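Quick note: the coordinates plus some simple rules give every number you see, no bench work behind them. Given the structure is predicted, the values throughout are model-derived calculations rather than measurements. Cβ atoms come from the backbone with ideal geometry, glycine included; neighbour counts cover every protein chain shown.
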Amino acid sequence: MFDKLINFDYRNKTMNITFHFLEPISLQSRSSLRSFVATIFKKENRKLNNLSVVFCSDSYLLKINQTYLHHDYYTDIITFNLSQAGSDAIDGEIYISIDRVRDNAKALQVTIKQELHRVIFHGSLHLCGYKDKKPADIALMRKKEDYYLNSYFN
């Protein structure tokens, strides 16, 4: 269920990125992905302390959405910034519905692998301060997602 913890040490700043599997999903090259996610924070000039990525079901994520955000609908991802007030280091959790990722991949005619990485990068970008409610913010978020997807896969 839990993937082993990997520690990154950039200039004596420890960074922990963990993957937790409440639902089965194929996630290959986990060490490369961890390293790349760490690179996103570095490129965005943000200091990452701890990040947990939890892969779960629609029903699990719906309960989180209802309980903590008071939204009564399914979503593919919820990101929580758990950083201490006044801290410049980011502590965060990203919850990803595997059901939504599969459905979105089919609807968007992309691979599950590509959609899964898009939402992981999307959550990381939220923790870096990017928003996605206004049209201009959505456009910038998509541009950043595309940039990091292309960088990761090419």
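Extension gain, residue 150 to residue 132: 0.36 nm times the residue separation minus the Cα-Cα distance gives 4.5 nm.
A full extension of the chain between residue 39 and residue 71 corresponds to an added length of 8.3 nm, given 0.36 nm per residue minus the alpha carbon distance. Between residue 16 and residue 142, the modelled labels are 3.8 nm apart [label points 7 Å from Cα along Cα→Cβ]. Taking Cα centre as origin and charging only the Cβ of basic (Lys, Arg, +1) and acidic (Asp, Glu, -1) residues, the dipole magnitude of the chain rounds to 520 debye. In this structure, the amide hydrogen of residue 49, modeled 1.01 Å from its nitrogen in the peptide plane, lies closer than 5 angstrom to those of 90, 91, counting only residues at least 5 positions away or on a different chain. Computed 3J(HN,Hα) for the range 87-99, one whole-Hz value per residue from the Karplus formula 6.51 cos²θ - 1.76 cosθ + 1.60 where θ = phi - 60°, is 7, 8, 9, 8, 10, x, 10, 10, 10, 10, 7, 5, 4, glycine and proline marked x.
Computed about its Cα centre, the charge dipole of the range 27-78 is approximately 460 debye, with only Lys, Arg, Asp and Glu carrying charge at their Cβ.
Rank 87, 52, 32 by mean-square fluctuation in a GNM of the chain with C-alpha springs under 10 angstrom and give only the top-ranked residue. Result for the chain, Cα springs under 10 Å: 87 fluctuates most.
In sequence order, the range 139-154 has phi-based couplings of 4, 5, 4, 4, 4, 5, 4, 4, 4, 6, 4, 4, 5, 6, 8, 10 Hz under the Karplus curve 6.51 cos²θ - 1.76 cosθ + 1.60, θ = phi - 60°, and Gly or Pro positions carry x. The length gained on full extension between residue 87 and residue 109, counted as 0.36 nm times the residue separation minus their Cα-Cα distance, comes to 3.9 nm. Comparing mean-square fluctuations of 29, 83, 57 from a GNM of the chain with C-alpha springs under 10 Å, the top value falls on 29. Just going by the charge dipole of the chain, with Lys and Arg at +1 and Asp and Glu at -1 on Cβ, which of 32, 60, 85 is farthest out on the positive end? Sorting the options by dipole projection puts first 32.
Between the entries (i) 8.3; (ii) 13.0; (iii) 9.5, the label attached to mean projected area of the Cα convex hull in nm² calculated for this structure is (iii).
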